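So the structure is just underneath, and the comments pick up after that.
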Amino acid sequence: MTPIDPTSLHLKSIAERFASGFPEGPSTWRTVGREAEYPVVREDGSAARVSELWPLLSQLAAEQGHPLREKLEGEMIVALVGERYTFFSEVGQGTIELLTGPCQDLWQIADAQEEAMQVLLQAVAQKGWTLLGYGIQPSTAPTLDAMTPKLRYAALLDAIGDPWLWFTLTASDQVHASIRRHEIVPMTNLCNLLAPVTIALCANSPIYAGQPSGFCSAREGRMGEIHTDQHRHGMPGRPVSDIDDLVRVLAGQPFLVELRRGDRGDWRHTPYGRPFTWWLAQHGDEGEAAGRQEAFEAFLLHEHYIWHSARPRSNHGTIELRAACQQPWIEPGIPDDGRRHADHMAAAALGVAMVCAGPALQGLVDELLGEDPWPAMRSWHELVVQGGLAAPEPAAGLLDGVLDRCEAALAARGRGEEALLRPLRARLVERRNPAQRALRVFQEEGLEGLVKSTAIQ
């Protein structure tokens, strides 16, 4: 009799536990959430220190009637948590994250974002700083000094090396949409496949360290240097066949940091560096509930530091879309017809629309790109990271077709959310995304002009 591999049993148990975080049954109304990161810069364009904003943010939010509770790591404030919105510190000391959700629709997110933005802009203005609708620090280089001094960030730097420091600069615009259990695999595959669509339309990080990077999305281009051969960041190397395959693919990646008890009995993130399957082979007993729980918690820690463009989040029952840079708060060239457009919501609207339009988008991909679209889309991914909307599409009409189906899917929700896609349609008509506009401003007006043009007023 062939002996049973305990690691395989662990992976099977993890896959079942992971899938159980998503409700069963047919798709119903999708709730949504947003994680929006913003660079904060000083007058000269260099990164500011977000930690200096915490007292002001607490005071101003309380005056607005929305008190915020401090979240601490040791004695360091790492977040201000409220009922409608939360401010988080990020890897970069000059980046602040604004978290909203779960919400019933995109307009609720926009309301909470704009309410929080009033507080944030007041605090930034009192410091004489500027908040940017832009995807990367424009003047600062990726250095250790730019990193927020959280213990796990130091452990990740030890595990990854210098490529980790790109996280100190970048500012993404991530969106979550709720999905059902049967959607985990097809939605993850489709949204990862469509990552270059998001980059083509939403890239906004061409200038950092005061110089053109050679990319429209330096976020994707530079952070793709993290374990490049294993596709740890960005678009995966291939689709997955089922939930077991998804877990196996993730478990084959290096387990960057594990939680290990220190000499004083405290738990600390410690570099590990070998595949997660190695860790499984040495820890826990599949026959014991405690071992299974330990393995699952370790897996959640492991997969949290795998940054695919689309990833299912078991703790929330959502799919998270990560490929978009932070967007301009107000879109240039969109006429004001008296309606509220919330231009800053364009990337979030695209992500939610892709999830809502999943079957229609899969049909479009099948029609235009055939049975195996991954090679063509991976090649296009490289092109759009560099050239944005100047890069030729892998099939004529793909971007128009995606936006058509996304608009229809949001319209079917009956809340007018399709209006939030207007900036993307305008970009496609002009064949110029925010990164391409930012490059033109930088060429004509330098760093000062770039900061001024991306500043949130």
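The values are calculated or read from the model by the stated rules, or taken from the named source; none is laboratory data. This structure is a prediction, so every number in the text was calculated from the model and none was measured. Don't worry about glycine lacking a Cβ; one is built from the backbone with ideal geometry, like all the others, and counts go over all protein chains shown.
Quick one: in region 334-349, which of the residues that are touching a helix residue (DSSP H, G or I) at 6+ places or on another chain (Cβ under 6 Å) and at pLDDT 95 or above is farthest from Met235 (Cα to Cα)?
Top of the filtered list is Met345.
Please go through region 196-240 and give me each residue that is in a loop (DSSP other than H, G, I, E, B), of a type in the set (Ser, Thr, Tyr) and under 18 Å from Pro328 (Cα atoms), ordered by number.
Our first condition is that a residue be in a loop (DSSP other than H, G, I, E, B); within region 196-240, this holds for 203-204, 206, 209-210, 213-216, 224-227, 231-232, 235-240.
Keeping just the survivors that are of a type in the set (Ser, Thr, Tyr) gives 213.
Correct list: empty.
Which condition does Ser13 not pass, out of (1) modelled with pLDDT of 95 or more; (2) surrounded by 18 or more Cβ atoms within 10 Å (Cβ to Cβ); (3) out of contact with any Gly (no Cβ under 6 Å at 6 or more places or on another chain), if it passes all the others?
So the condition that Ser13 fails would be (1).
Go through region 428-454 and give me each residue that's under 23 Å from the mean Cα position of the chain (by Cα) and more than 17 Å from Gly135 (Cα to Cα).
Leu428
Sort out which residues of region 362-377 are surrounded by 16 or more Cβ atoms within 10 Å (Cβ to Cβ) and more than 22 Å from Asp173 (Cα to Cα), and write them in order of number.
Within region 362-377, the first condition is being surrounded by 16 or more Cβ atoms within 10 Å (Cβ to Cβ), and the residues that meet it are 362, 364-365, 368-369, 373-374, 376-377.
If the condition is that a residue be surrounded by 16 or more Cβ atoms within 10 Å (Cβ to Cβ) and more than 22 Å from Asp173 (Cα to Cα), then Gln362, Leu364, Val365, Leu368, Leu369, Pro373, Trp374, Ala376 are the ones that fit.
Could you please let me know if Arg152 is surrounded by 24 or more Cβ atoms within 10 Å (Cβ to Cβ), assigned to a helix (DSSP H, G or I) and among the charged types (D, E, K, R)?
Values: surrounded by 24 or more Cβ atoms within 10 Å (Cβ to Cβ): no; assigned to a helix (DSSP H, G or I): yes; among the charged types (D, E, K, R): yes.
Here the answer is no, as Arg152 does not meet what is asked.
Quick one: how many residues across region 220-258 are within 20 Å of Arg17 (Cα to Cα), among the hydrophobic types (A, V, I, L, M, F, W, C) and touching a residue at least 24 places away in the same chain (Cβ under 8 Å)? Show your work before the answer.
Taking region 220-258 as the starting set, the residues that turn out to be within 20 Å of Arg17 (Cα to Cα) are 240-253, 255, 258.
If we keep only those that are among the hydrophobic types (A, V, I, L, M, F, W, C) as well, we get 240, 243, 246-247, 249-251, 255.
This time we only want the ones that are touching a residue at least 24 places away in the same chain (Cβ under 8 Å), so: 240, 243, 246-247, 250-251, 255.
Qualifying residue count, region 220-258: 7.
Tell me, please, whether a residue that is crowded, with 19+ Cβ neighbours inside 10 Å and either at negative phi or modelled with pLDDT under 95 (or both) can be found in region 66-73.
Going through region 66-73, the residues crowded, with 19+ Cβ neighbours inside 10 Å turn out to be 68.
Of the ones still in play, those that are also either at negative phi or modelled with pLDDT under 95 (or both) are 68.
Yes.
Which ones in region 44-97 are part of a loop (DSSP other than H, G, I, E, B) and of a type in the set (A, V, I, L, M)? Explain how you work it out, then say what you get.
Initial filter on region 44-97 (part of a loop (DSSP other than H, G, I, E, B)): 44-46, 48-49, 65-68, 74-75, 82-85, 90-91, 93-94.
Residues satisfying the conditions are Ala48, Leu68, Val91.
Out of Gly237, Gly224, Gly214, Gly252, report the one residue that is at positive phi and either surrounded by fewer than 24 Cβ atoms within 10 Å (Cβ to Cβ) or of a type outside the set (Ser, Thr, Tyr) (or both). Explain how you work it out, then say what you get.
Working: Gly237 fails: at positive phi; Gly224 fails: at positive phi; Gly252 fails: at positive phi.
Step by step, each of Gly237, Gly224, Gly214, Gly252 is checked, and only Gly214 is at positive phi and either surrounded by fewer than 24 Cβ atoms within 10 Å (Cβ to Cβ) or of a type outside the set (Ser, Thr, Tyr) (or both).
Do you know which residues across region 112-123 are over 22 Å from the mean Cα position of the chain (by Cα) and either at positive phi or surrounded by fewer than 23 Cβ atoms within 10 Å (Cβ to Cβ) (or both)?
Here is the first cut: in region 112-123, the ones over 22 Å from the mean Cα position of the chain (by Cα) are 118-119, 121-123.
Hits for region 112-123 are Gln118, Leu121, Gln122.
Can you name the condition, by its number, that His269 falls short on among (1) closer than 26 Å to Ser379 by Cα; (2) more than 22 Å from the chain's Cα centre (by Cα); (3) buried (at least 16 other Cβ atoms within 10 Å of the Cβ)?
(1)
Go through (1) modelled with pLDDT under 95; (2) at positive phi and name the single condition Leu151 misses.
(2)
Please go through region 98-132 and give me each residue that is at pLDDT 95 or above, outside any helix (DSSP H, G or I) and closer than 27 Å to Ser178 by Cβ, ordered by number. Steps first, please.
Keep residues of region 98-132 that are at pLDDT 95 or above, which gives 98-100, 102-132.
With outside any helix (DSSP H, G or I) added as a condition, the list becomes 98-100, 102-105, 127-132.
Within region 98-132, Leu98, Leu99, Thr100, Pro102, Cys103, Gln104, Asp105 meet the criteria.
Just to be sure I understand the filter: pairs with C-beta atoms under 8 Å, separated by 6 or more residues or on different chains, first member in region 440-457 and exposed (fewer than 13 other Cβ atoms within 10 Å of the Cβ), second member at pLDDT below 95 and among the β-branched types (Val, Ile, Thr). Which pairs pass?
Gln457/Ile330
Could you list, in sequence order, all residues of region 89-144 that are β-branched (Val, Ile, Thr) and more than 17 Å from Met345 (Cβ to Cβ)? Show your work before the answer.
Of the residues in region 89-144, the ones β-branched (Val, Ile, Thr) are 91, 95-96, 100, 109, 119, 124, 130, 136, 140, 143.
Those that are β-branched (Val, Ile, Thr) and more than 17 Å from Met345 (Cβ to Cβ): Val91, Thr95, Ile96, Val119, Val124, Thr130, Ile136, Thr140, Thr143.
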